[in-house]
1. Looking at the square roots a ≥ b ≥ c of the eigenvalues of the Cα gyration tensor of the protein assembly as shown, which shape do they give, rounded for a/c under 1.5, prolate if a/b is larger than b/c, or oblate?
2. Do you know the relative contact order of chain B, to the nearest whole percent, from alpha carbon pairs under 8 angstrom that are 6+ apart?
3. Report the Rg/Rh value for the stretch A:102-224, based on alpha-carbon coordinates and the Kirkwood definition of Rh.
4. Among B:R138, B:R188, which comes first, second and so on when ranked by fewest other beta-carbon atoms within 10 Å?
5. Can you return the lysines within cross-link range of B:K174? Criterion is Cα-Cα under 29 Å, with same-chain partners fewer than 8 residues away left out.
6. Under 5 Å between amide H atoms, partner at least 5 residues away or on a different chain: which partners does B:T57 have, H built in plane at 1.01 Å?
7. Could you list the residues of the stretch B:222-240 with an amide nitrogen less than 13 Å from a label point located 7 Å from the Cα of B:L34 in the Cα-to-C-beta direction?
8. Per-residue HN-Hα couplings for the stretch A:73-86, Karplus 6.51 cos²θ - 1.76 cosθ + 1.60 at θ = phi - 60°, whole Hz, x for Gly and Pro?
Protein chains: 2
Amino acid sequence: MADGKPTLHYLQDSQAHLVLWVLEELGIEYHLVLHNRIAARSPPELKAVHPLGKSPTLVTPSGRVITERSAITLWLLNTYDKAGRFRIPSSPTGEGTEDDDVVREEQLISLGGATLGPLLMMKLIFELLVRRAPFFVRPLVAGVRYALNSAFLDAELAHVVGYLDSELAAKDGKGSRKWFLGTEEPTRADFSTLWYLDWANQWGWIDMEKYPRLKEFHARCLERPAWKRALEKGNGYNLKFW
Amino acid sequence: MADGKPTLHYLQDSQAHLVLWVLEELGIEYHLVLHNRIAARSPPELKAVHPLGKSPTLVTPSGRVITERSAITLWLLNTYDKAGRFRIPSSPTGEGTEDDDVVREEQLISLGGATLGPLLMMKLIFELLVRRAPFFVRPLVAGVRYALNSAFLDAELAHVVGYLDSELAAKDGKGSRKWFLGTEEPTRADFSTLWYLDWANQWGWIDMEKYPRLKEFHARCLERPAWKRALEKGNGYNLKFW
């Protein structure tokens with residue numbers, strides 16, 4: 001739209017919620033278009049916004065259409081966070097003793113999207129397969145799920161989540177840091193990671209009690225006024241909706 | 001190591017190959033440690049390098065250990081490509097008619113890691129499940145795979161790969177561009193995307209003939225002297241090794 005505001009296409013119970021959180025943190029004006037799932041999937045109307053038909057999708061005031069959450073978040077911060085409130089001071093090389101830089105930020109974002117995401121997607125697919133299997137093969141599909149979980153998925157998930165927990169340790173080894181990059185306010189690494197935690201936690205695939213730093217981080221996110229406003233404005237963030 | 005060179009831990013038949021390609025493109029000196037798979041998985045020795053035990057892992061000359069391919073690539077370019085040969089001129093906002101910027105770069109990298117990667121991982125897991133299932137349940141597991149492929153995975157994969165192909169269209173609509181961001185040399189978006197193409201193509205899950213721009217892009221990558229040197233120095237890039 002030509003009124004200088006970006007438009008977020010928000011699908012209920014999806015990653016779009018994390019972008020809504022960022023918009024609220026930035027305190028800018030924006031348009032919000034709420035979409036409902038149809039039979040648990042994205043509705044066809046989203047394909048009219050972008051050929052991939054995915055949520056979240058953001059349309060900028062000049063009409064550029066951006067998909068992929070990490071790209072939308074990057075655009076929002078580049079555009080509206082000129083003061084760098086939600087950014088780390090970037091180091092050009094990433095070398096040296098200080099490693100809270102753009103490389104660590106990228107490492108954490110990629111660990112979520114490219115490592116944790118596929119693990120959670122596989123767990124999800126098997127949950128759905130078991131539920132939707134005809135009753136006479138359901139025990140067998142459940143058996144395959146059990147074999148895959150016990151041979152690989154559950155240990156790998158616990159390992160990666162445990163690593164994330166350790167990444168929140170304070171540099172002096174005492175207690176935990178507020179945000180992943182040691183900043184006073186959340187950065188892209190935090191906006192990114194919360195999604196995977198919520199996904200795993202809401203389905204009961206991880207026990208947050210085992211990850212005290214992540215548990216504190218999780219609570220810290222949910223206490224933010226911007227997060228609470230996002231919950232009121234969206235149309236749902238129940239990731240176990242299937 | 002304290003001789004000013006980074007060390008790449010390279011697992012055979014893995015994403016590490018794409019990092020080796022970047023190292024060769026940069027033309028720098030580096031150490032290469034080749035690791036072999038054990039029963040198709042990463043060997044335990046990789047856990048001594050980084051707690052996640054993943055490949056690729058890069059150790060910088062100052063001893064910093066970086067995981068996640070996109071983060072390693074970012075560090076390498078930030079450190080060794082001062083002239084910006086493999087980078088796009090970044091625009092601070094991403095706004096305007098010119099959209100070959102850091103946001104589009106992030107969108108393409110995320111589309112690979114967070115969207116295409118999980119789809120390919122699911123296809124791979126079902127291939128392995130069918131192969132490893134006891135013979136008396138194998139037809140049933142193959143049936144589940146068939147149902148999932150035909151209900152969801154194959155159409156989604158074709159849709160995303162088709163979108164990638166369209167992202168290589170020249171701006172004037174005539175023919176295709178050399179690289180995803182319209183540059184003269186490959187950028188992080190190209191280094192990232194080739195992996196997913198190779199994975200899908202080597203397993204026969206996509207027909208490259210249907211994606212003429214991607215097919216040209218693929219050939220363009222493989223023709224590069226740096227790619228050929230990487231093939232000679234690594235210990236294999238056969239992604240269908242299972």
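No lab work stands behind these numbers, since they all come straight from the coordinates. No experiment lies behind these values; they were computed from the predicted model shown. Note that each Cβ is placed from the backbone with ideal geometry, even for glycine, and that neighbours are counted across all protein chains shown.
1. Rounded, because the longest to shortest axis ratio a/c is under 1.5.
2. The normalised contact order for chain B reaches 25 percent.
3. That ratio is 1.05, to two decimals.
4. Neighbour counts put them in this order, fewest first: B:R138, B:R188.
5. Of all the lysines, those that pass the test against B:K174 - Cα under 29 Å, at least 8 places apart if same chain - are A:K47, A:K54, B:K210, B:K215.
6. B:H9
7. Flagged as within label range: B:230-238.
8. 4, 4, 4, 4, 5, 4, 8, 10, 10, 4, 6, x, 4, 9
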